[in-house]
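K.L.:
This is the structure I have questions about; it appears just below.
The values are calculated or read from the model by the stated rules, or taken from the named source; none is laboratory data. Nothing here was measured: the structure is a model prediction, and the numbers come from that model. With ideal geometry, Cβ positions are generated from the backbone for all residues, glycine too; neighbour counts draw on all protein chains shown. These area figures cover heavy atoms from the full protein model, side chains too; ligands, DNA and RNA do not enter into them. Shrake-Rupley method; radii C 1.70, N 1.55, O 1.52, S 1.80 Å.
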Amino acid sequence: MADSDRPHSPFAGKLDFSARTPVRAIPLDEIEQMLAAHRLYVETERRQGSRADFGSAGLSGHDFSGLNLRGVKMDRAVLRGADFTGAHLQRANLIGAISQEARFDRADLSGARLSGGNLVSASLDNVCLAKADMEFGLMAKALLRGACLHEADMSGAQLDGAVLTRVDLRKANLRGAGFRDARLDEADLRDARLGGAFLVGASLRGADLRGAYLRLAKLDGADLSDANLNNVEGLTQAQLDLAYLDNGTKLTAGLIGTEDAEG
C-alpha cells in the first residue's frame, strides 16, 4: 500500500513544528555553567541559581546522563544522539525537540512536555513518562520496553515499528495514534483511549485491554492472542474479524472470536 493510501491520524496537520528557529550554538563551558546554575536552582527550590534555557540549542551527542534537569527548557533543541540515561527531567519542556537516536533509558520524564518532538529510533527503556504530554510525537522504531506511560497524552503520535513490550499505558490517551507493526506484547492498556488508533499489524499478545475504548480503531492483522478484551468499549465484531485471536483471547460479552465463528 502506498503511503498516500494509508489511513492517517485524524490529527495530522493540525500542528506545524516545521517552521523552526535557527539552531543556537552554545560553547561547552557555557553549557556547563548553565547546568551548574540549574542544579543550584533545583537544589535550593528556586531560591538560588537559575533555570537552564536550552531552547533551540544544538546539543547533539551531549552527555546529560544522571543529571538533575527537572523543569529544564529544551524546547525545539536539537538533541540527536544525546544521552539522558537516568536523568531527572520531571516537568521538563522538550516541545518540538529533535531527539532522534537519543537515550532516555531509566530517565524520569513524568509530567514532561514533549509534544511534536522527534524521538525516532530513540531508546526509552524503563523510562517514566507518566502524565507526560506527547501529542503528535514522532516515535517510529523507538524502544520503550517496560516504560511507564500511565495517563500520558499520546494522541496523534506515530509509533510505527516501536517496541512497547510490558509498558504501562493505563488511562493513556492514544486517540488517533499510529502503531503499525508495533509490539505491545503484555502491555497494560486498561482504560486507555484508543479511538481511531491505527494498530494494523501490531502485536498485542497477552495485552490487558480491559475497559479500553476502541471505537474506529484499525485492528487489521493485529495479533490479540491471549489478550484480555473484557469490558472494552466501542469495539465491533467487524473490527475483531480482521484481527488474529486464539483460544486464550478473552472477549467482552456479545463478541466472538474466529474459532467461535467457525465452530
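K.L.:
Does any residue in region 248-259 that is part of a loop (DSSP other than H, G, I, E, B) and modelled with pLDDT of 95 or more come within less than 8 Å, Cβ to Cβ, of a residue that is open to solvent by 70 Å² or more (accessible area, probe 1.4 Å) and of a type outside the set (V, I, T) six or more places away or on a different chain, and which pairs are these?
P.N.:
Taking only residues 6 or more apart or on different chains, the pairs are G248/D226; T249/D226.
K.L.:
Within region 54-87, restricting attention to residues that are open to solvent by less than 50 Å² (accessible area, probe 1.4 Å) and acidic (D, E), which residue is nearest to N126 (Cα to Cα)?
P.N.:
Once the filter is applied, the top-ranked residue is D83.
K.L.:
Assigned to a loop (DSSP other than H, G, I, E, B), surrounded by fewer than 21 Cβ atoms within 10 Å (Cβ to Cβ) and not hydroxyl-bearing (S, T, Y): is that true of G206 in this structure? Break it down stepwise before answering.
P.N.:
Numbers: assigned to a loop (DSSP other than H, G, I, E, B): yes; surrounded by fewer than 21 Cβ atoms within 10 Å (Cβ to Cβ): yes; not hydroxyl-bearing (S, T, Y): yes.
Against the criterion (assigned to a loop (DSSP other than H, G, I, E, B), surrounded by fewer than 21 Cβ atoms within 10 Å (Cβ to Cβ) and not hydroxyl-bearing (S, T, Y)), G206 qualifies.
K.L.:
Could you go through region 87-100 and let me know if any residue there is in a strand (DSSP E or B) and of a type in the set (D, E, K, R).
P.N.:
No.
K.L.:
Taking the stated definitions as given, is L79 touching a helix residue (DSSP H, G or I) at 6+ places or on another chain (Cβ under 8 Å) and free of Cβ contacts under 8 Å to residues at least 40 places away in the same chain? Break it down stepwise before answering.
P.N.:
Values: touching a helix residue (DSSP H, G or I) at 6+ places or on another chain (Cβ under 8 Å): no; free of Cβ contacts under 8 Å to residues at least 40 places away in the same chain: yes.
Considered against the rule, which asks whether it is touching a helix residue (DSSP H, G or I) at 6+ places or on another chain (Cβ under 8 Å) and free of Cβ contacts under 8 Å to residues at least 40 places away in the same chain, L79 comes out as no.
K.L.:
For region 139-146, indicate whether the set of residues that are part of a loop (DSSP other than H, G, I, E, B) and either among the acidic types (D, E) or open to solvent by 40 Å² or more (accessible area, probe 1.4 Å) (or both) is non-empty.
P.N.:
yes
K.L.:
Would a scan of region 174-195 turn up a residue that is in contact with a helix residue (DSSP H, G or I) (Cβ under 9 Å, 6 or more places away or on another chain) and either farther than 20 Å from G161 by Cβ or open to solvent by less than 50 Å² (accessible area, probe 1.4 Å) (or both)?
P.N.:
Taking every residue of region 174-195 in turn, none turns out to be in contact with a helix residue (DSSP H, G or I) (Cβ under 9 Å, 6 or more places away or on another chain) and either farther than 20 Å from G161 by Cβ or open to solvent by less than 50 Å² (accessible area, probe 1.4 Å) (or both).
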